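The values are calculated or read from the model by the stated rules, or taken from the named source; none is laboratory data. Given the structure is predicted, the values throughout are model-derived calculations rather than measurements. Using ideal geometry, Cβ is built from the backbone for each residue, glycine included, and neighbour counts are taken over all protein chains shown. SASA here: full protein model, heavy atoms, side chains in, ligands and nucleic acids out. Shrake-Rupley method; radii C 1.70, N 1.55, O 1.52, S 1.80 Å.
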Amino acid sequence: MNNGTLAIDERLRNSITQMKRLHVLESKKKNQEQQAKNDKRYRELVVQVTQLCHAVHYAQTQFAFPYQQQMTLMALLDQLQRAASQGAVEEETVEQIAVKARSAQDQTKREWARFYPGFVSSICNTLRIIQKIDPEQVTKCLDDIQAAERWQNNGSDLLQLKTLSAALKRSNDSIQRLNMNQEITVFLSKIASNTATLNDLSENILNWIHNEQLSDKIRLSFR
């Protein structure tokens, strides 16, 4: 074999070695990029599940929200902790957790949709009855209550629940300040629906109107 052939063989071996080294580096880079994606997705899932847990816990303690997915959330937290303890978070593990997290979020949304209407219906009805007595305050309460109608699953739920809690407290304070009994509530309901007549003006109601200084806010008219 002449020197020219040896030179070619040497260059070929060097090229193959360099290609192998390049392949290893590219594979390592791809693995690093995939790991970075896995880590990023994992951190997002931790935030999502933590936000869900905080919001659900608040709803349970403040509103007696009868949440049915307690064990599911606990299992999700355990799985997140196990994944982190393994060092490198695998793509398959991340996807499994993501599927379970979406399922828990969707179920929470459905459970809240069933719970919310019955929870706020009574106080909302009363607020609509007294809305013309204190329109600015009552309208704000109604708006804040209705803002929590839908569970968002986007990180805003806890803030909306806290706003709901504050609105319910303000609403109850407003109602209590009016010293309303059942007779007065029925009368105001008739006023709100334009069905009140002079026959509804009992002595108790007239005294209440006078005591609450509402004479200029309540009006009767011909049908």
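Run the paramagnetic zone check for T139: 7 angstrom along Cα to Cβ, then residues of the range 145-188 with backbone nitrogen under 12 Å.
The answer is none.
When ligands, DNA and RNA are left out and all protein chains stay put, how many square angstrom of accessible area per residue does the range 129-189 have with a 1.4 Å probe?
Using a 1.4 Å probe on heavy atoms only, each residue of the range 129-189 averages 54 Å².
Given N204, A192, S165, which one lies farthest toward the positive end of the charge dipole of the range 161-223, if we put +1 on the Cβ of every Lys and Arg and -1 on the Cβ of every Asp and Glu?
Most positive-ward Cα: S165.
In Å, what Rg and Dmax follow from the Cα atoms of the range 86-160?
Considering the range 86-160 through its Cα atoms, Rg and Dmax are 18.8, 62 Å.
Rounded to two decimals, what is the ratio between the C-alpha radius of gyration of the range 73-223 and 2.2 N^0.38 Å?
It is 1.61.
Would you work out which of I145, Q96, T50 lies farthest towards the positive end of the dipole of the range 40-172, given +1 charges on the beta-carbon of Lys and Arg and -1 on that of Asp and Glu, about the Cα centre?
Result: I145, furthest along the dipole toward the positive end.
Run the reach check for K40 against aspartates and glutamates, Cα to Cα strictly under 12 Å, same-chain hits fewer than 8 apart removed. What comes back?
Within the straight-line cut-off, K40 pairs with E90, E91.
Stretched out fully, how many nm does the piece from Q35 to S215 gain, at 0.36 nm a residue minus the Cα gap?
Between Q35 and S215, full extension yields 57.6 nm more.
Each label point is 7 Å from the Cα along the Cα-to-Cβ direction; what then is the distance between the points at L206 and L77, in nm?
6.2
Below 19 Å, Cα to Cα, which aspartates and glutamates can K162 reach? Residues fewer than 8 away in the same chain don't count.
Candidates past the 8-residue exclusion: E111, D143, D144, E149, D173.
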